[in-house]
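Notes follow once the structure below has been shown.
The values are calculated or read from the model by the stated rules, or taken from the named source; none is laboratory data. Please read all numbers here as calculations on a predicted model, not as lab measurements. All Cβ positions, glycine included, derive from the backbone under ideal geometry; neighbour counts span all protein chains shown. Ligands, DNA and RNA are stripped out before the accessible areas are found, and what is left, the full protein with its side chains, is counted by its heavy atoms. Shrake-Rupley method; radii C 1.70, N 1.55, O 1.52, S 1.80 Å.
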Amino acid sequence: MRLPGRARPEAPALDGPVHEDLESRLVAFVGALRSKGLPAGTSETVDAAAVIEVLGLDDRNRLREGLASALVRRGGQREVFDMTFDLFFPAGTGVPQAVLERDDELELGAEDLRDLLAMALAEQDLRTMEQVAELAVDLLGEVGTEGTSTQGWSAYQTLDRMAPQTLVARVLQMRGAAGTGGGQPSGAGTGQADERGQVTDRLAREETRRAVEAFRQMVASEARRRTAEVRGREVVTRHAVRQDSGQVDFLSANRQQLEELRAMVRPLSRKLATKLAARRRRARRGRIDVRRTMRRSMGTGGVPLRPAFAPPHPARPELVLLCDVSGSVSGFSSFTMLLVQALSDQFSRVRVFAFVNAMDEVTEIVKDTTHGGDLGERIHAEARLTRWHTSSDYGEAFGDFAEDFLDAVGPRTSVIVLGDARNNNQSANLGALSTIARRAKRIFWLNPEHASRWGLGDSIAPTYADVVEMHECCTVDQLTRFVTRLLPV
């Protein structure tokens, strides 16, 4: 099945509302990537220019892969790159061909587009899906007033009116009727045949869901492209292109982003473990022993040519985590607990405590890697975190720890408090926190809120910062810097 219209050109279109040469566009493209957290600088820009010179502009997909090899440095950045690439090197400009060649006398509504999409999904016809996406954005997604700064196209509005996710059952019926999946195989009377039929149905359903998600991405890409032509690429990049995973705020992350962050734990832990091991190797010689060095220098006229080192102290530090797992902070705490779980070999002992307004040890829950569910949900289900109310109370939780678990902290222990210090106007209990700080070797507080919000509303972060060294830790990148630079080895 095909809709009217010719295939889009393979070469990226370099026309636009502001005509510019290729060099300027490349520089702007790299700048947009950098604004989204990709570490692309001068050397990467030079590499990207060399890629364009070698590959040319004839094959857009080849150009995309070439630029990605020059500008993408780690996992989690490719989606950001692809979204930005589609804005700066689109497959075409202006109104899509499918829209231009549409019969004006044929009135297409949301139901007509749903019928076309269902047929395209049943046939797995990607080109027709692209054409339906172009038509849907043009007919259903326009927002604002034409010719003004508010004009644009909304992917959310388009998808809300089309509701492609509700077509899965209909597509499976169409595929089953056509004999391409979703129906019962021959000999379905036996148990084995029934099992094969169930597997086939599940595979067909999953394949259809993936196709629906691909269509949603097509709609989002087309809406961004059309909007960028009237409002500027920079504006669309700023508001419609997602941040690199390492730059996503823990407190504003949605469920999908939190899942992506959890997927980063293992690769990130391997990287951090390597850095911590290197720091530990460099520290094995110990500090310079000034007295012995000066004695040695007597044989060289007072010149310390051969420094003497004090005996090293290779013992690995102990780590205690105090984690607020209430509300939106739970995503940040869960990610940090998973990271510490993966880094546990770098410490001689790790103990984890969680609280809302009552403190409880959750070390065994965190160490249990066989459980595949959500760590935060399991902690809430199995640990005693609250008393007579469910609001955060740091003062009461610190009091519990000082009374019941203070033996977990010793002269080799580093204590890390995870939380936003929003105490719901309860007592701060600085005495209990001071007691914990005096017993620990070092104590840090990682706050997932931006420092500009500390002290606003019910936040008492400045009060606790007088007792504990507090650090802003809103993103994975900030957490990584803390682990590699501040955490003692």
As I understand it, the value is the acute angle between the Cα axis of helix 329-342 and the longest principal axis of the Cα atoms of the chain; what does it come to in degrees, rounded to 10?
70 degrees
For the pair residue 391 and residue 163, how long in nm is the line joining their label points, each one 7 Å along Cα→Cβ?
4.0 nm
Any idea of the accessible area per residue across the chain, 1.4 Å probe, to the nearest Å²?
50 Å²
³J(HN,Hα), Karplus 6.51/-1.76/1.60, whole Hz, each residue of the stretch 26-40, x for Gly, Pro
5, 4, 5, 4, 5, x, 5, 4, 5, 5, 9, x, 7, x, 9
Unit charges on C-beta of K, R, D, E only; dipole of the chain, Debye:
3860 debye
Rounded to the nearest 10, the angle in degrees between the Cα long axis of helix 60-71 and the longest principal axis of the Cα atoms of the chain comes to 10 degrees
Which angle between 0 and 90 degrees, to the nearest 10, do you get for helix 476-485 versus the longest principal axis of the chain when only C-alpha atoms count?
30 degrees
Phi to ³J(HN,Hα) by Karplus 6.51 cos²θ - 1.76 cosθ + 1.60 over the stretch 410-418, Hz, x for Gly, Pro:
x, x, 9, 8, 9, 9, 10, 9, 10
Name the residue from 479, 416, 45 whose Cα lies farthest towards the positive end of the charge dipole of the chain, charges +1 on Cβ of Lys and Arg and -1 on Cβ of Asp and Glu.
416
Of the accessible area of the chain, computed with a 1.4 Å probe and all protein chains kept, carbon and sulfur make up a percent value of 50 percent
Quickly rank 222-234, 293-305 as a protection proxy: mean count of other C-beta atoms within 10 Å, highest first.
222-234, 293-305
Go through (1) 29.2, 102; (2) 21.8, 70; (3) 23.6, 84 and flag the label whose value is the computed Rg and Dmax of the Cα atoms in Å for this structure.
(1)
Give a residue-ordered list of calculated ³J(HN,Hα) values for the stretch 138-149 (Karplus: 6.51 cos²θ - 1.76 cosθ + 1.60, θ = phi - 60°; whole Hz; x for Gly, Pro).
5, 8, 10, x, 5, 10, x, 9, 4, x, 10, 6
